[in-house]
Amino acid sequence: MSNSDENPNQGEAGGGPLTQSPASSSSKAGETLDDIASTLRDLFNRVPDTVGKAVERAMNVRDTTVLIRLSDATSDSIDTLVSAGIFRGRADAAAFLVEEGIKAQSQLFQRIQDKLTEIEKLRDELRHSVKSDVQA
């Protein structure tokens, strides 16, 4: 057995440590690139989960169940969101879209609420007026 066979840390000259061959160096670089690519894939794969978890937390605040009829086009759009994995089911997708629609139309809902408040005041005035007339 030669000196290099007995001690793997010695080179062929018999004294110094082995230097990395070009093949070994490119192999390590390839492993590093593979590690980086793997890490990036993991990060990109987790992004939908992160978004999904945020949507899920928002969706778990629901208290009321409502049965609705949808057009085929609307139903297909909701199914697309479910198929893409954005929502667990049709109910989650529909609830999210309703919430977003209400937010988008917040000015309209505020005007409606203002009118309803005005109507309630008029009803109260009418009730008091009728009560006063009946008691008199």
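The values are calculated or read from the model by the stated rules, or taken from the named source; none is laboratory data. These numbers were taken from a predicted model, which means no experiment stands behind them. Please note: Cβ atoms are built from the backbone with ideal geometry, for glycine as well, and neighbour counts cover all protein chains shown.
Against the numbered list (1) farther than 30 Å from ASN45 by Cα; (2) surrounded by 10 or more Cβ atoms within 10 Å (Cβ to Cβ); (3) not hydrophobic (A, V, I, L, M, F, W, C), GLU100 comes up short only at (1).
Taking only region 61-87 into account, find how many residues are in a helix (DSSP H, G or I) and among the polar types (S, T, N, Q). Break it down stepwise before answering.
Within region 61-87, the first condition is being in a helix (DSSP H, G or I), and the residues that meet it are 72-83.
If we keep only those that are among the polar types (S, T, N, Q) too, we end up with 74-75, 77, 80, 83.
So the count comes out to 5.
Taking region 88-119 as the range and being within 19 Å of the chain's Cα centre (by Cα), in a helix (DSSP H, G or I) and either of a type in the set (Asp, Glu) or closer than 17 Å to THR65 by Cα (or both) as the test, the residues that pass are ARG90, ALA91, ASP92, ALA93, ALA94, ALA95, PHE96, LEU97, VAL98, GLU99, GLU100. Within region 103-122, the set of residues being modelled with pLDDT of 95 or more and basic (Lys, Arg) comprises ARG111, LYS115, LYS121. Per the conditions (1) at pLDDT 65 or above; (2) surrounded by 10 or more Cβ atoms within 10 Å (Cβ to Cβ); (3) of a type in the set (D, E, K, R), the sole criterion not satisfied by LYS28 is (1).
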